């Protein structure tokens with residue numbers, strides 16, 4: 001079954017964005033290409049099991065197998081050697097991406113303490129948006145009794161937008177609750 005958000009994008013949002021952004025061709029309307037979840041585990045240098053736990057949690061959250069990330073360089077100050085596992089990541093595309101986005105907007109974000117909207121300063125100038133989540137326990141898939149430490153993660157939304165204005169319009173149209181001037185204080 002097709003995710004509701006994907007159907008909404010295809011049937012409603014594309015036409016709305018084309019008018020709003022004044023694009024001549026419907027193929028110029030920005031698309032969400034992928035969502036990347038990334039978690040760095042700094043304490044993994046001393047405890048190797050933390051990376052396995054992070055990979056397991058990330059897989060549970062995403063509904064897709066996550067992979068451990070490996071250090072590219074050795075850093076003596078951090079006791080880090082090249083090739084050591086230091087984090088976890090998963091890339092979501094297609095149906096799973098829209099399913100995750102739906103769950104993130106409707107279930108996970110409302111569970112954030114003192115939530116007043118997400119910051120709109122995470123755009124990179126090329127139409128991609130990155131935001132941080134402080135606690136993985138906002139996701140209902142994570143059982144709070146079974147975790148041994150609360151960790152955060154970065155979520156990157158990669159779009160086909162040419163600039164930040166188009167990407168902002170796309171993500172806002174998909175339902176990401178950006179802070180407005182009224183509720184930013």
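What are the pairs with Cβ atoms under 8 angstrom where one residue, in region 70-83, is over 20 Å from residue 39 (Cβ atoms) and the other, located anywhere, is modelled with pLDDT under 75 and assigned to a strand (DSSP E or B)? Sequence gap at least six, or different chains. Partner pairs satisfying both residue conditions: 74/80.
Mind checking whether some residue in region 132-150 is surrounded by 16 or more Cβ atoms within 10 Å (Cβ to Cβ), outside any loop (DSSP other than H, G, I, E, B) and in contact with a strand residue (DSSP E or B) (Cβ under 6 Å, 6 or more places away or on another chain)? There is at least one residue in region 132-150 that is surrounded by 16 or more Cβ atoms within 10 Å (Cβ to Cβ), outside any loop (DSSP other than H, G, I, E, B) and in contact with a strand residue (DSSP E or B) (Cβ under 6 Å, 6 or more places away or on another chain). Taken together, 85, 177 contain a single residue that is in contact with a strand residue (DSSP E or B) (Cβ under 9 Å, 6 or more places away or on another chain), within 21 Å of residue 53 (Cα to Cα) and surrounded by 13 or more Cβ atoms within 10 Å (Cβ to Cβ), which is 85. I'd like to know if region 151-169 contains one or more residues that are surrounded by fewer than 18 Cβ atoms within 10 Å (Cβ to Cβ), in contact with a helix residue (DSSP H, G or I) (Cβ under 6 Å, 6 or more places away or on another chain) and assigned to a loop (DSSP other than H, G, I, E, B). Checking region 151-169: not a single residue is surrounded by fewer than 18 Cβ atoms within 10 Å (Cβ to Cβ), in contact with a helix residue (DSSP H, G or I) (Cβ under 6 Å, 6 or more places away or on another chain) and assigned to a loop (DSSP other than H, G, I, E, B). One residue stands out among those in region 105-125 that are in a helix (DSSP H, G or I) and over 22 Å from residue 161 (Cβ atoms): the one that is nearest to the chain's Cα centre (by Cα), which is 108. Against the conditions (1) under 22 Å from the mean Cα position of the chain (by Cα); (2) assigned to a helix (DSSP H, G or I); (3) modelled with pLDDT of 85 or more, residue 35 satisfies every one except (2).
The values are calculated or read from the model by the stated rules, or taken from the named source; none is laboratory data. Please read these numbers as outputs of a predicted model, since none were measured by experiment. All Cβ positions, even for glycine, are placed from backbone atoms using ideal geometry, and neighbour counts span all protein chains on display.
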